[in-house]
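Working notes, structure below.
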Amino acid sequence: MTIVATLQDAQGTKQLGELGLAFVLSSAIGLEREWRQKSAGLRTHTLVGVGAALFLIVSKYGFTDVLAPGRAVLDPSRVAAQIVSGIGFIGGGLIFVRGDFVRGLTTAAIVWMTAAIGMACGAGLALLALAATAMHFVVVIGYTALTRRLPSGGTLRIVYPDGRGILRDVMAEATRRGFAVVSVATEHRPPNVALTLELQGRGSPRDLALALDAIDGVVEVAAADRQLGD
């Protein structure tokens, strides 16, 4: 009778509240990611957070029917440790590396943190879960605005027809937007030229790419930030 009562207590309003809190907090993080149109959005973050909370609740309460004094001992931390390592598979699938540039690292870290928030909810640590969620928004909103004020840079690749003086326009636009050109590499692909610029400045190479794409004669423009991407 004691075992049955314990199992019933493990499926009460307390556990539903913990699961619901994980749902709300992970959904809030997912909405921010969805709004920024990241590869992992509302559904992914919500499922990760709720799933992590459920795993921890199961770890805490789901094995009470096999416990026996002196014969079976429950260690809930084992499941928690497996969540931490297991979520890396999802995060790893969100990271893309191309040359010296890494994309998706921030999103992968946020998925990992969402799992941690879900675990905190499942463990009944509501205050810590709320604090961590607030810290998430401080980082992704406040720190994003801060990093935009810091010197940064990136790589710009422009393809344009040879012999039309477009390079002069490209350099003038980069200078006007506050960029310094660190290095220049050209590759001739008749009748075009592929130009790769290493930039240093406080602006976004992507904004510069949009401006260069509007120059008459430019065939293709691609940009990548030097900073680790979202």
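Across region 117-144, the qualifying residues are those that are outside any helix (DSSP H, G or I) and touching a helix residue (DSSP H, G or I) at 6+ places or on another chain (Cβ under 8 Å), and the one among them that is nearest to Ala53 (Cα to Cα) is Ala123.
Considering only region 152-170, state which residues are more than 33 Å from the chain's Cα centre (by Cα), at pLDDT below 85 and surrounded by 13 or more Cβ atoms within 10 Å (Cβ to Cβ).
Asp162, Arg164, Ile166, Leu167
Of the residues making up region 185-200, just one is hydrophobic (A, V, I, L, M, F, W, C) and surrounded by fewer than 12 Cβ atoms within 10 Å (Cβ to Cβ), namely Ala185.
The values are calculated or read from the model by the stated rules, or taken from the named source; none is laboratory data. Just so you know, these numbers come straight off a predicted model, no measurement behind them. Reconstructed Cβ throughout: ideal geometry from the backbone, glycine too, with neighbour counts over all protein chains shown.
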